[in-house]
Amino acid sequence: MTFLPIVGRELRVAARRRGTYWNRAVSALAAILVFGGALIFEAQAPPKELGKEVFNIVSGLFLLSSLAAGVRYTADCLSEEKREGTLGLLFLTDLRGYDVVLGKLAATSLNCIYALLAMLPVLAIPLLMGGVSVDELWRMALVLANALFFSLASGIFISSMSKSPRKAMFGTFLVILLVHGGLPSLGAWITYQYYNGTPLSTFFLPSAGYGYSLAFETGFKSRPGEYLESMLVIHGLGWALLAVASIIVRNSWQDKPAGAVRSRWRQHWQQWSYGNSAQRLAFRARLLDVNPCLWLGGRQRLKPALVWSVLGLGSCVWLWGALRWREDWLNELTYVFTAILLHGTFKLWVASEACLRLGPDHRSGALELLLSTPLTVREILRGQMLALRRQFFWPVMLVAGLDFLFLFSAFNRLGSAGDNQWVAWFCLGSILSFAADVYTSCWVGMWIGLIAKHPNRATLATFARVVLLPCGAWSAVMILISLLQLWSRLDRSDAFSMLLWFGLGFANDVALFFWSRHRLLGDLRVVATQRFVPGRPVFGGWPSRKPVANTGLPPAVTSET
């Protein structure tokens with residue numbers, strides 16, 4: 001038998017795929033835009049420190065993207081096979097668990113490796129600016145490669161135990177967060193409490209952030225052995241996760257009967273989620289009078305409660321920090337960090353829920369049955385939007401109110417001087433941009449979730465279009481202005497960059513809103529009759545040709561009729 005046959009097949013398939021080559025070009029372009037944005041952000045730094053500061057920012061962002069690769073690429077690779085019932089067919093042959101696991105790793109990681117290789121030349125540009133050595137570059141490249149490998153291995157490990165795409169995605173994110181963030185935090189707390197500030201490296205070695213700090217010249221010279229130990233530990237953990245996944249995947253594809261305890265907990269969870277029979281009937285009668293799709297999408301009571309629980313938990317953590325550190329906590333940096341965290345969390349959460357409105361029903365055929373009822377497309381979309389509004393409207397309003405509270409507190413500290421006026425305008429623009437992004441994510445998520453094959457990728461694609469696309473456009477425009485040396489012609493460069501930032505964001509929201517709404521109203525019925533949208537999607541959402549209704553006849557008969 002051929003050694004690792006799935007790996008060889010997947011590599012040959014990926015080599016013939018156009019997306020493999022486009023991915024490298026897009027990754028290099030994104031890396032250039034990130035480098036340009038960091039260069040503009042650090043433009044006021046001294047020339048001797050400019051290269052070092054840009055290298056720190058760019059390498060840190062690349063490290064975050066490497067850690068997030070597992071959530072994007074491998075979190076649903078094996079769980080998807082379980083849902084489709086094809087994983088068990090692989091084990092009817094002589095394939096072993098490691099054949100399947102390594103084959104999936106090769107199929108999903110090729111684009112990641114190419115993207116990393118495309119980023120490394122951009123990461124080497126600060127060498128020409130000074131302040132960065134060649135050894136630092138290669139050590140940082142090793143950190144990025146190790147972080148990427150661990151992230152992909154974590155995704156495969158969680159996917160081998162999961163069947164739901166959302167649970168696999170969240171589980172992968174949780175594993176990466178606990179290993180690279182939780183263990184160092186625990187080690188820092190133990191060091192502070194029991195070792196009088198003496199570093200306890202055992203908890204820091206598995207963290208890619210610790211290796212990132214040791215990759216620089218100062219950290220490597222002080223602890224050269226720990227850098228190598230950290231790389232070996234991270235790499236070893238990745239192989240350990242793959243080994244465990246190879247053992248689990250052999251038996252996890254089989255449907256096993258639920259035990260008595262599991263069935264009892266499932267019944268309790270369903271009752272907590274939907275209520276008892278009397279509560280379900282009352283809730284159903286109330287929502288059906290408004291819109292039937294509102295009842296279908298909003299009948300699970302725990303979803304709004306989960307949003308409020310997350311907000312409540314975050315508020316408790318924030319208040320604990322305010323009571324513990326008081327004046328050191330109540331400053332503009334904390335306000336900005338809290339706002340960014342809340343905005344990013346809600347935008348990603350809304351995009352995830354919007355992608356789950358029509359996509360699963362489309363893949364199961366339920367959407368086609370729903371369209372056979374007297375309900376119109378507008379009524380279906382209105383019901384889905386009402387369900388999203390029921391879950392997120394008041395939490396989003398609370399976040400906007402907190403933003404205004406932070407703005408008022410910061411304005412009182414800074415005063416109303418003319419130099420601080422732009423801070424107030426920037427905060428107001430951020431609040432309006434947050435509301436626009438959330439509303440646009442609802443429409444874009446419903447369309448991309450409808451035509452996408454992978455739910456997790458649909459969520460990330462929606463977030464990339466609504467949030468990351470205007471950021472990349474802003475960075476490209478700023479780089480062009482800097483190359484053309486147009487800053488000298490601008491009286492207020494800060495005001496111009498702020499207007500450009502929000503202008504591109506609002507223009508992107510308006511364009512995406514009208515595009516997704518037009519596609520949903522015009523093509524929902526046609527797409528719902530097909531299992532897959534014909535034609536290869538361009539940029540993951542713009543079909544290359546008009547979908548043709550599935551009549552059940554051969555193509556030649558369809559064209560003649």
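At a glance:
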| quantity | calculated |
| --- | --- |
| Selected residue (only one of Leu371, Leu381 is touching a residue at least 60 places away in the same chain (Cβ under 8 Å), of a type outside the set (Phe, Trp, Tyr), under 27 Å from Val467 (Cβ atoms) and in contact with a helix residue (DSSP H, G or I) (Cβ under 9 Å, 6 or more places away or on another chain)) | Leu381 |
| Residue count, the range 153-164 (criterion: assigned to a helix (DSSP H, G or I) and surrounded by fewer than 24 Cβ atoms within 10 Å (Cβ to Cβ)) | 1 |
| Helices (runs of 4 or more DSSP H) fully within the range 1-77 counting 1 or more residues that are under 21 Å from the mean Cα position of the chain (by Cα) | 18-41, 47-67, 69-73 |
| Qualifying positions in the range 60-105 - surrounded by fewer than 21 Cβ atoms within 10 Å (Cβ to Cβ), among the hydrophobic types (A, V, I, L, M, F, W, C) and at pLDDT 85 or above | Leu61, Leu64, Ala68, Leu102 |
| Selection from the range 215-230 of residues that are touching a residue at least 40 places away in the same chain (Cβ under 8 Å) and either open to solvent by 40 Å² or more (accessible area, probe 1.4 Å) or not aromatic (Phe, Trp, Tyr) (or both) | Ala215, Glu217, Phe220 |
| Selection count where residues are open to solvent by less than 30 Å² (accessible area, probe 1.4 Å) and either free of Cβ contacts under 8 Å to residues at least 60 places away in the same chain or under 15 Å from Ser162 (Cβ atoms) (or both), scope the range 106-115 | 3 |
| Matching option when the condition is at pLDDT below 80 and within 24 Å of Gln391 (Cα to Cα), among Ser315, Ser277, Ser309 | Ser277 |
| Pair list, Cβ < 8 Å and 6+ apart or interchain, from the range 316-331 residues that are touching a residue at least 24 places away in the same chain (Cβ under 8 Å) to residues that are among the polar types (S, T, N, Q) and surrounded by 10 or more Cβ atoms within 10 Å (Cβ to Cβ) | Leu330/Ser409 |
| Test set (1) at pLDDT 80 or above; (2) in contact with a Leu (Cβ under 7 Å, 6 or more places away or on another chain); (3) closer than 29 Å to Gly445 by Cα - Ala339 fails condition number | (2) |
| Answer from Phe173, Phe204, Phe150 - the residue that is at pLDDT 85 or above and open to solvent by 50 Å² or more (accessible area, probe 1.4 Å) | Phe173 |
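Residue-by-condition table, conditions (1) in a loop (DSSP other than H, G, I, E, B); (2) closer than 24 Å to Ser213 by Cβ; (3) among the aliphatic types (A, V, I, L, M):
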{"site": "Val101", "(1), (2), (3)": "no, no, yes"}
{"site": "Lys104", "(1), (2), (3)": "no, no, no"}
{"site": "Thr108", "(1), (2), (3)": "no, no, no"}
{"site": "Asn111", "(1), (2), (3)": "no, no, no"}
{"site": "Pro121", "(1), (2), (3)": "no, yes, no"}
{"site": "Val132", "(1), (2), (3)": "yes, yes, yes"}
{"site": "Leu142", "(1), (2), (3)": "no, yes, yes"}
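The values are calculated or read from the model by the stated rules, or taken from the named source; none is laboratory data. Small disclaimer: the values here were computed from a predicted structure and weren't measured. Neighbour counts run over all protein chains shown; Cβ positions are idealised from the backbone, glycine included. Each accessible area value is taken on the protein alone, full model and side chains, heavy atoms only, with ligands, DNA and RNA left out. Shrake-Rupley method; radii C 1.70, N 1.55, O 1.52, S 1.80 Å.
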